[in-house]
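Taking it in order: structure first as structure tokens, then the write-up.
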Amino acid sequence: MRNLIRTIASGILLLTSCFSYAQQTEKLYLSGTGSDHTVNWQFFCTAGRNSGKWTTIPVPSNWEFQGFGKYNYGLDKDTVRGKESGQYKYEFKVPVSWKGKNINIVFEGSMTDTRVKLNGQLAGDIHQGSFYRFKYDISKLLKYGDTNLLEATVDKHSANTSVNAAERKGDFWIFGGIYRPVYLEAAPQQHISHVAVNGLASGQFSANVFLDNATVGSKVSAQFYTVSGVKVGAAFQAAINKGDSVVHLQGSTSSPKLWSPEFPNLYRVVFTLVSNGKAIHVVKQKFGFRTVEFREHDGIYVNNVKVKFKGVNRHTFWPTTGRAVNKNISIEDVKLIKDINMNAVRMSHYPPDEHFLDVCDSLGLFVLDELTGWHSYYDTQVGSKLVKEMITRDVNHPSIVIWDNGNEGGFNFDLDHLFGQYDIQKRPLIHPWAIYKGINTQHYINYDYGTATNLHGHDVTFPTEFLHGLYDGGAGAGLDDFWELMWHTPLSAGGFIWAFLDEDVVRTDKNGELDSDGDHAPDGIVGPYREKEGSYYAIKEIWCPVHMEPREVTPAFDGKIRMENRYLYTNIKQCSFTYKLAGFDNPYHKTAVTAKSGPIASPDIAPGQFGYLQMQLPLGWQNYDVLYVTAYDVTHHELFTWSYPLSNNNKVTKQMISTAGTAKPVIKETDSLYKVRANGVEVEFNRNSGLLMSVKNPKGNIPFNNGPVLAEGWEKTGFQKLSYHYDNDSLVVEATFEKKANEAQLKWTIFPSGWVKLTVKYWPIGEEGNLLGVSFSYPEKDVKGVTYLGDGPYRVWKNRMKGTQIGIWDKTYNNTITGQPNLEYPEFKGYYSNLYWMKLNTTAQPITIICDNRDVFMRLFTPANPKKVYNTAPAFPSGDISFMNGISPIGTKSQKPEKLGPQGMPNKYFDYYKDIDMALSITLYFDFSGK
């Protein structure tokens, strides 16, 4: 459509032309078109901030963000119940040429009870329900060519108890105001009011065309087009008989391009109302050919393919405008959701703006569209009207494959039949959180839940909420276990993570601070401004449709990696791949190799099948440090980049350390200390524990000390004594332990260069433990950041290891609490996997530490916690800087980590004989020179 925008009076005229000829529906926008384009109306707020006076407000908007009324999070916190209302006035003109046309005023969304007057007369009944398009015929109330007065009164709290229960007691922010566009529609007296279409994967097509004032003997014709305007097939038509208000059309086309999230092919059908050989009215509608069906005890099929939904729950939200958004936000959100390799989105817990559905249609996402209800539901009288409004607006979107009747007990069963009555496509209906007609949508199930239910039952398992992402818990944590179980369970239809974004509002009553209502709204994979959290990248890898099997890349690597095609409709040969070989600099050595990259041939692997990616790597590839492999989808959008280390820790260590010096280290003994000096570096060890107590160089003290302390069992090390001896020119300070004690070895080696080596070997107490490793102390206040070679840039948990890449990462210190207002990502504090080396950047002297073991985690301090942590505050060892063989998992708001799958269990390790060669081991090299 081509939009012609003209300013008329103080409003905006948008003429939407179906074609260049006259039979068209015209729109006159009285408001702006979205939060990025608004029009000021006169406004009076009855309670709260800035109440009791006439002023102006932008429309569309939620009035709280404009400085009026009171902010309310749901859960029945509305303390000004029944008192806070907004009164709107707006003057506008309509063209004289519109006289004789059928004219509706349309509200896309208004919170909550809305009474509309035009020129002092009621336009119709009060509308109740916040998230639905409603309209009034105002043809007889308008003054054509003259000034008209629109008055709207919006009550924030509904006079209908069930509306408040379904909407305003929900677990989400609740607002007031006209927050979606308002406009006029002008059509001929004889016109098509709306259409409902159904294009099947077979090419068969049917439509219900709803008519107003159509005369007997008229007809409706239809013609398919591509979205670029190319005619497809022949036209088809149906006659209008006496009393017809709906005409049913049927047509077909051969071999249509089908709609799916992977190939969102769209068509346009043009309907023409013809009377006495003259075209009276034309309506065009985008749609997609696709078939949706639920097969009991089997699955949900789209285009005869069983679907695994990789989905997320999304609120319509922006922190500075609330529920008032715009199409650019919809585009950004859909692109982000698809970038995480998701194929589905659930509308929680209300129908979204239509432009969001338009974007899902065009870019490709499965959609679950939802009638509002959260533990409570609309009564049958109001609910019946709202179901009709929702489906009338949304029925033609091919992205919508399932309807939701409420959420978590907010089901009015008397409304169920209406979904089938109004939906020409007869899409499946679910009750999220319940078992309904063979689909089990229970929320927050444990990994191994129940007998004869969920993944161990007979119904199709389809959790519409799982892995609650409060703070940094859930979402990506536990997903690897859940998804492998879901993928390999035939009765699983996938599921929907809670939730896409943190709902933080900018409080105009609190100097613009971000407010998530405590622990109620910081549940997102992304922040309120779409900041990417660590789970974003974990999900991106886990849900990547190109599934790479784990493997080691050794010098004997033949360039072949086994993979599985986890697409639904795409052959891997339609994707593309590249490789990149790179070397890594370090603080002492510049890489001698130049990065090389190249394409990889795409293998022919059908959906659901296995095959091999075969790389043709150049000669000498073994001389590089890392191999990156990147997969791209059919649009050349990056699916994921995997990294394969080529250099082991020992090779990197040898490149970095320097042991030679001009003189042997010198040791001095006191009652409690060994004091050692080498090449200007002075270190002291406690003779009663073997711990490093102090470090000094010619530039001054380095406050790195009190280690290595075992993360668990430090009080039972079995330490007996500390002794020393020389090994050639190096000094060895070594501890002796009781036989079969918790600690097996603690050895310090001080080289003539001043470098210090630490070797620790130990066993956990018992067979399991969350924390396996050693810690040191360093004052957090002196840390500016860290540069390290390892996996990053995001931290990991034991049950969220994916989504990182090996590289050199330079991280600046922050004290971010995930989901809290200080939004600096990636977070600084936490665990980082696969450490090679780190350089701690401080306000004084840097410290460089090299790790000569595989699979060691670097721990940087202990993240601060919010007030309520639930299961999202994993254990950390004492001390400040740690080197770990095993770290802790993280849980969700409602589940402990061990309930989320095997990766959430404590670390398991058992060596009955306490064989020192089987003990856990960490070898570190320290450069205390201050360089």
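Quick look at the numbers
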read-out: Residues of the range 600-631 classified as part of a loop (DSSP other than H, G, I, E, B), among the aliphatic types (A, V, I, L, M) and in contact (Cβ under 8 Å) with a residue 12 or more places away in the chain, total; value: 5
read-out: Which listed residue, of Glu734, Glu768, Glu738, is more than 29 Å from Thr842 (Cβ to Cβ) and buried (at least 16 other Cβ atoms within 10 Å of the Cβ); value: Glu734
read-out: Residues located in the range 256-288, provided they are in contact (Cβ under 8 Å) with a residue 40 or more places away in the chain, farther than 24 Å from Val216 by Cα and among the charged types (D, E, K, R); value: Glu262, Arg268, Lys286
read-out: Residue, nearest to the chain's Cα centre (by Cα), within the range 233-244, restricted to residues that are assigned to a strand (DSSP E or B) and surrounded by 15 or more Cβ atoms within 10 Å (Cβ to Cβ); value: Gly233
read-out: Unique residue being under 30 Å from Lys931 (Cβ atoms) and of a type in the set (Asp, Glu) when the list is Asp604, Asp585, Asp558; value: Asp585
read-out: Restricting the range 32-71 to residues that are within 27 Å of the chain's Cα centre (by Cα) and of a type in the set (D, E, K, R), the residue that is surrounded by the most Cβ atoms within 10 Å (Cβ to Cβ); value: Glu64
read-out: Test for Leu266: is it under 30 Å from Lys308 (Cα atoms), out of contact with any His (no Cβ under 6 Å at 6 or more places or on another chain), in the same structural domain as Val195 (by TED's automatic domain parsing) and among the aliphatic types (A, V, I, L, M); value: yes
read-out: Tally of residues being closer than 25 Å to Ser399 by Cβ and either among the charged types (D, E, K, R) or under 39 Å from the mean Cα position of the chain (by Cα) (or both) across the range 245-278; value: 20
read-out: Criterion violated by Thr578 - all others in (1) crowded, with 22+ Cβ neighbours inside 10 Å; (2) not in a loop (DSSP other than H, G, I, E, B) satisfied; value: (1)
read-out: Subset of the range 103-156 that is in a loop (DSSP other than H, G, I, E, B) and of a type in the set (A, V, I, L, M, F, W, C) - its residue that is nearest to the chain's Cα centre (by Cα); value: Phe131
read-out: Residue list for the range 548-568, filter: surrounded by fewer than 17 Cβ atoms within 10 Å (Cβ to Cβ) and either closer than 30 Å to Pro490 by Cα or over 32 Å from the mean Cα position of the chain (by Cα) (or both); value: Glu549, Pro550, Arg551, Thr554, Pro555, Ala556, Asp558, Gly559, Lys560, Arg562
read-out: Single residue of the range 516-547 satisfying the filter (crowded, with 19+ Cβ neighbours inside 10 Å and of a type in the set (Asp, Glu)) that is farthest from Val334 (Cα to Cα); value: Asp517
read-out: Members of the range 179-227 that are assigned to a loop (DSSP other than H, G, I, E, B) and touching a Leu at 6+ places or on another chain (Cβ under 9 Å); value: Pro181, Pro188, Gln190, Ala201, Ala214, Ser218, Val227
read-out: Exclusive hit being buried (at least 18 other Cβ atoms within 10 Å of the Cβ), under 30 Å from Arg677 (Cα atoms) and either in the same structural domain as Lys747 (by TED's automatic domain parsing) or touching a Gly at 6+ places or on another chain (Cβ under 6 Å) (or both), set Leu840, Leu900, Leu835; value: Leu835
read-out: Residues satisfying the stated conditions in the range 680-721, i.e. surrounded by 19 or more Cβ atoms within 10 Å (Cβ to Cβ), in contact (Cβ under 8 Å) with a residue 60 or more places away in the chain and on the phi > 0 side of the Ramachandran plot; value: Asn706
read-out: Given (1) hydrophobic (A, V, I, L, M, F, W, C); (2) surrounded by fewer than 20 Cβ atoms within 10 Å (Cβ to Cβ); (3) not assigned by TED's automatic domain parsing to the domain that holds Ser694, index of the condition Met918 fails; value: (3)
read-out: Residues satisfying the stated conditions in the range 653-693, i.e. in a helix (DSSP H, G or I) and either assigned by TED's automatic domain parsing to the domain that holds Thr591 or in contact with a strand residue (DSSP E or B) (Cβ under 7 Å, 6 or more places away or on another chain) (or both); value: Thr653, Gln655, Met656
read-out: Options Ser330, Ser275, Ser255, Ser362: the member that is of a type in the set (Gly, Ala, Ser) and touching a Ser or Thr at 6+ places or on another chain (Cβ under 8 Å); value: Ser275
read-out: Which numbered condition Asn198 fails, given (1) on the phi > 0 side of the Ramachandran plot; (2) under 37 Å from the mean Cα position of the chain (by Cα); value: (1)
read-out: Filter result (in contact with a strand residue (DSSP E or B) (Cβ under 6 Å, 6 or more places away or on another chain) and either part of a loop (DSSP other than H, G, I, E, B) or not small (Gly, Ala, Ser) (or both)) within the range 393-407; value: Asp394, Val395, Asn396, Pro398, Ser399, Ile400, Val401, Ile402, Trp403, Asp404, Asn405, Asn407
read-out: Near pairs, Cβ below 8 angstrom, 6+ apart or cross-chain, from the range 761-775 (touching a residue at least 12 places away in the same chain (Cβ under 8 Å) and more than 21 Å from Trp797 (Cα to Cα)) to any residue that is among the charged types (D, E, K, R) and part of a loop (DSSP other than H, G, I, E, B); value: Trp763/Asp911; Trp763/Lys914; Ile765/Glu712
read-out: Which numbered condition Gly611 fails, given (1) surrounded by 15 or more Cβ atoms within 10 Å (Cβ to Cβ); (2) modelled with pLDDT under 95; value: (2)
read-out: Considering residues of the range 784-801 that are part of a loop (DSSP other than H, G, I, E, B) and closer than 20 Å to Asn907 by Cα only, the residue farthest from the chain's Cα centre (by Cα); value: Lys798
read-out: Single condition Asp855 does not satisfy, out of (1) touching a strand residue (DSSP E or B) at 6+ places or on another chain (Cβ under 7 Å); (2) in a loop (DSSP other than H, G, I, E, B); (3) under 22 Å from Trp714 (Cβ atoms); value: (1)
read-out: Residue selected from the range 722-731 under the condition touching a Pro at 6+ places or on another chain (Cβ under 8 Å) and in a strand (DSSP E or B), by the criterion surrounded by the most Cβ atoms within 10 Å (Cβ to Cβ); value: Leu731
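The rows are residues; the columns are (1) within 30 Å of Ser658 (Cβ to Cβ); (2) over 31 Å from the mean Cα position of the chain (by Cα); (3) not aromatic (Phe, Trp, Tyr).
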{"residue": "Trp809", "(1), (2), (3)": "yes, no, no"}
{"residue": "Thr812", "(1), (2), (3)": "yes, no, yes"}
{"residue": "Thr818", "(1), (2), (3)": "no, no, yes"}
{"residue": "Pro821", "(1), (2), (3)": "no, no, yes"}
{"residue": "Glu824", "(1), (2), (3)": "no, no, yes"}
{"residue": "Lys829", "(1), (2), (3)": "no, no, yes"}
{"residue": "Leu835", "(1), (2), (3)": "yes, no, yes"}
{"residue": "Thr843", "(1), (2), (3)": "yes, yes, yes"}
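The values are calculated or read from the model by the stated rules, or taken from the named source; none is laboratory data. Being a predicted model, the structure only gives us computed values, none of them experimental. All Cβ positions, glycine included, derive from the backbone under ideal geometry; neighbour counts span all protein chains shown.
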